[in-house]
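Working notes, structure below.
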Amino acid sequence: MKIVGLVLIVIGIVALAYQGLTYTTRETVLDIGPLHATADKSHTIPLPPVLGVVALVAGAGLLVMSGRSR
């Protein structure tokens, strides 16, 4: 349970710091015979700050509960 708690805390910190995941895809813009043109397009998946806070609280709760179970 400690490992899961630490992972949740790290995910929460990353979610609060970056507030979104960005990735890039390559799309074909022009394809006429031997002439090809592509463009890179970036996409963003937003992560709300509430998600980071919930992950931090859940991770801290798991760490506290695993410490008390002994």
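Looking at region 32-61, I want the residues that are over 11 Å from Leu8 (Cα atoms) and of a type in the set (Asp, Glu) and have a partner that is modelled with pLDDT of 90 or more and in a strand (DSSP E or B) with Cβ atoms under 9 Å, at least 6 apart or on another chain. Which pairs are those?
What qualifies is Asp40/Thr24; Asp40/Thr25; Asp40/Arg26; Asp40/Glu27.
Does region 24-46 contain any residue that is loosely packed, with under 11 Cβ neighbours inside 10 Å, modelled with pLDDT under 95 and in a loop (DSSP other than H, G, I, E, B)?
Looking through region 24-46, at least one residue is loosely packed, with under 11 Cβ neighbours inside 10 Å, modelled with pLDDT under 95 and in a loop (DSSP other than H, G, I, E, B).
Considering only residues that are within 15 Å of the chain's Cα centre (by Cα) and either among the β-branched types (Val, Ile, Thr) or at positive phi (or both), which ones fall in region 1-23? Spell out the reasoning first.
To start, the set of residues in region 1-23 that are within 15 Å of the chain's Cα centre (by Cα) comprises 7-23.
Within region 1-23, Val7, Ile9, Val10, Ile11, Ile13, Val14, Gln19, Gly20, Thr22 qualify.
Between a residue in region 1-18 that is closer than 12 Å to Pro49 by Cβ and among the basic types (Lys, Arg) and any residue that is at pLDDT below 90 and part of a helix (DSSP H, G or I), which pairs come within a Cβ distance under 6 Å, given they are 6 or more apart or on different chains?
From residues that are closer than 12 Å to Pro49 by Cβ and among the basic types (Lys, Arg), there are no pairs.
Quick one: is Val50 outside any strand (DSSP E or B), within 21 Å of the chain's Cα centre (by Cα) and surrounded by 11 or more Cβ atoms within 10 Å (Cβ to Cβ)? If you could, list the steps in order and put the result at the bottom.
Values: outside any strand (DSSP E or B): yes; within 21 Å of the chain's Cα centre (by Cα): yes; surrounded by 11 or more Cβ atoms within 10 Å (Cβ to Cβ): no.
No: the conditions fail for Val50.
The values are calculated or read from the model by the stated rules, or taken from the named source; none is laboratory data. Quick caveat, the model's predicted, so the values are computed rather than measured. Here Cβ is always computed from backbone atoms with ideal geometry, including for glycine, and neighbour counts include all displayed protein chains.
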